[in-house]
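Take a look at the structure set out below.
A short reminder: the numbers here are calculations on the coordinates, not readings from a lab. The structure displayed is predicted, hence computed values, not measured ones. We place every Cβ from the backbone using ideal geometry, glycine too, and count neighbours over all the protein chains shown.
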Amino acid sequence: MIDETEMDLRPRKAKKTRRNTLLVILGLFVVAAIVSGVFVVNLANSFNSQTQKIAQAFPEESTRPVKATEGPASKAQNILVLGSDSRAASVDMASEGEASDQRSDTMMWVHIPGDGKNIVMMSIMRDTWVDIPGHGQAKINAAMAYGGVPLVVQTLEGLFKSRLDHVAIVDFEGFKAITDSLGGVKVNVPMAFTTGNKQHTFNAGPQVLNGDQALAFVRERYAFSDGDYQRVRNQQLFLKSVMNTALTPATLTNPGKISDLVSQVSPFVSVDEGLDAAAMASMAVSLRDVRGSNVLSFTLPNLGTGTSADGQSIVIKDDAAIAAIADALASDTLVLHMDNNGLR
């Protein structure tokens, strides 16, 4: 077993500055909602020309679940959103299915129900101990390092027995620009804390964050006794705040702001070849009524932390919870499952 510390060869500073999927979520869904009403050629060209295409996003077809062709699940979509350290050579290697020094520190399974009434974001703890095909038991974020994006997809599809329709990777560097382009984002900070580097202090309560503050807010984990757990909760909270800011008439009816949002997002997003502007426009039709309040999020339930046989600190997966979520995805009843199990 290769320890996470041994495999992560990048400088610590680089790790800290690029870790989140919030930008790509904004790119995929805020932009999708925007272009549904003002889908013009220049915006489409901007998205298509500036986004980077993932050369190989999916594993061999024989290893994949079959997508339903009828029933509720046939109209639903599942999108994997990953954080990346950079869009340098190692990201290119990961997107082509090669082993690299990349680690997907932030991972979300995004589910769009067939009725298009909600967007559900399921965060998966990066230290969740799972079976990675061909490599045995390991932390789930090691899949990127072992076999690039295709192995991450294969691992998750095996876990949830459902097929992923699209994959997106984000370079976190562009996040503060998109936050500032919205004029700041108002967040109700749940608890006061100071970041580990002492550069940012957040008081409890509502406050408007600029790009630099937003980066610090969603990145921080050392300030919390439960580390990554609170970081994931903060990421989900901030994303909902971004949605509430972006999915408003003030943004959706402002061509200048729309153009700025698209131009800020696109250069920092990598997508599978099928996720182009035309696919985005089609997706936007089903999402035309979605607003910030319709964006739901939860963290994949687990059995807490533990230690692997080789001494790594891990998150223990909850097989019963995973099986129940797999059933909900198969029947397109994930929102109902959240309600029935207190996951909202």
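For the reader, a short list of remarks on this structure follows.
- Gap separating the Cα centres of segment 55-69 and segment 249-282, nearest whole Å: 26 Å
- Note that segment 53-69 has calculated 3J(HN,Hα) couplings of 8, 7, 4, 9, 8, 10, x, 4, 4, 5, 8, 9, x, 8, 6, 4, 9 Hz, one per residue in order, obtained from phi through the Karplus relation 6.51 cos²θ - 1.76 cosθ + 1.60 (θ = phi - 60°); glycine and proline are x.
- If you bin all the Cα-Cα distances of segment 220-302 at 5 Å, starting from zero, the percentages per bin are 3, 11, 14, 19, 22, 15, 9, 6, 1.
- Cleavage-rule hits (trypsin sites (Lys or Arg not before Pro)) in segment 173-231: DSSP loop, at most 14 neighbouring Cβ within 10 angstrom: LYS198
- Couplings for segment 324-341, taken from phi via the Karplus curve 6.51 cos²θ - 1.76 cosθ + 1.60 with θ = phi - 60°, read 5, 5, 4, 5, 5, 5, 5, 9, 6, 10, 5, 5, 4, 4, 4, 5, 6, 10 Hz in order; Gly and Pro are left as x.
- Sparse packing (at most 12 other Cβ atoms within 10 Å of the Cβ) combined with a DSSP loop state is found for the following chymotrypsin sites (Phe, Trp or Tyr not before Pro) in segment 221-270: TYR222.
- Amide hydrogen proximity for VAL189: with H placed 1.01 Å from N in the peptide plane, the residues at 5 or more positions away or on another chain lying under 5 Å are GLY205, GLN207.
- Computed from phi, the 3J(HN,Hα) profile of segment 298-312 under the Karplus parametrisation 6.51, -1.76, 1.60 (θ = phi - 60°) reads 7, 9, 3, x, 9, 9, x, 9, x, 10, 6, 4, 9, x, 7 Hz, with x in place of Gly and Pro.
- Taking all Cα pairs closer than 8 Å and separated by 6 or more residues, the relative contact order of segment 171-269 comes to 33 percent.
- The order of the peptides 244-251, 187-194, 260-267 by mean Cβ neighbours within 10 Å, most packed first, is 260-267, 244-251, 187-194.
- Separation of the GLU61 and LYS198 label points, Cα + 7 Å toward Cβ, nm: 5.9 nm
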